[in-house]
1. Taking the conditions exactly as written (surrounded by fewer than 20 Cβ atoms within 10 Å (Cβ to Cβ), among the aliphatic types (A, V, I, L, M) and either touching a Lys or Arg at 6+ places or on another chain (Cβ under 9 Å) or modelled with pLDDT of 95 or more (or both)), does Ala49 satisfy them or not?
2. From Gly92, Gly129, grab the single residue that is modelled with pLDDT of 95 or more and closer than 18 Å to Ala54 by Cβ.
3. Determine whether Arg105 is at pLDDT 95 or above, more than 24 Å from Leu41 (Cα to Cα) and surrounded by fewer than 16 Cβ atoms within 10 Å (Cβ to Cβ).
4. Given the criteria in contact (Cβ under 8 Å) with a residue 60 or more places away in the chain and open to solvent by 40 Å² or more (accessible area, probe 1.4 Å), does Leu41 qualify?
5. Within the bounds of the stretch 108-122, is there any residue that is within 17 Å of the chain's Cα centre (by Cα) and either touching a residue at least 60 places away in the same chain (Cβ under 8 Å) or under 29 Å from Ser37 (Cα atoms) (or both)?
6. Against the conditions (1) in a helix (DSSP H, G or I); (2) open to solvent by less than 60 Å² (accessible area, probe 1.4 Å); (3) closer than 30 Å to Ala130 by Cα, where does Ser71 fall short? Just the number, please.
7. When you check Val100 against the structure, is it within 23 Å of Ser37 (Cα to Cα), in a helix (DSSP H, G or I) and in contact (Cβ under 8 Å) with a residue 40 or more places away in the chain, yes or no?
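The values are calculated or read from the model by the stated rules, or taken from the named source; none is laboratory data. Model, not experiment: these values are computed from the prediction. Backbone-built Cβ (ideal geometry, glycine too); neighbour counts: all protein chains shown. Surface areas here come from the heavy atoms of the whole protein model, side chains and all, with no ligands, DNA or RNA. Shrake-Rupley method; radii C 1.70, N 1.55, O 1.52, S 1.80 Å.
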Amino acid sequence: MFTADGKPSDDDPREHGPRLGDERVTLAEALRSDEPSTMSLLGLVRHLAEVERATFRVLMAGEDAPRLFCSDTDRDGDFDGAVSDPQVVAEGWDAWRAEVDFATRFVADAPTLDTTADDPHNLHGSGGGAMSLREALVGMIEEYARHLGHADLLRERIDGRIGQLGPHEQPPR
């Protein structure tokens, strides 16, 4: 688990289990689920807006841009504040579009993908230090891939369709 600013979290209960247990204890601890999350489709949009902002505005462009939804006291504000109020939904989508537009312009205007920035907080798990725009883009591809998988699972819970069906097929009842 990671915090909203990309740092490893120290509050994941799966990481503090017994280290010398027998097979039953070891296996049960590895499979233990975490508390229910506040993950939602809107929360994912808001989270991706935060990550786009942290990667391209703050890290790569060096802007002093505050977080959009999260704070030091509410690290999961992107998910916790994602309520089904039309204004909150619109703000989430507007924030994501603005951050994607910024990133798109930044990448297009960069002279080369070898452009670097200092990553003192180890934003993308690279060990900190210099990070190229190329590596930042690869990190964003991984971020979107993971969270689009989450979105697909959430969508499946809503409409019941699974990924293997064609566009006009319905799941068996």
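1. no
2. Only one candidate passes the filter, namely Gly92.
3. Criteria met by Arg105.
4. Taking the combined requirement at face value, the residue satisfies it.
5. Within the stretch 108-122, one or more residues are within 17 Å of the chain's Cα centre (by Cα) and either touching a residue at least 60 places away in the same chain (Cβ under 8 Å) or under 29 Å from Ser37 (Cα atoms) (or both).
6. (1)
7. In short, no.
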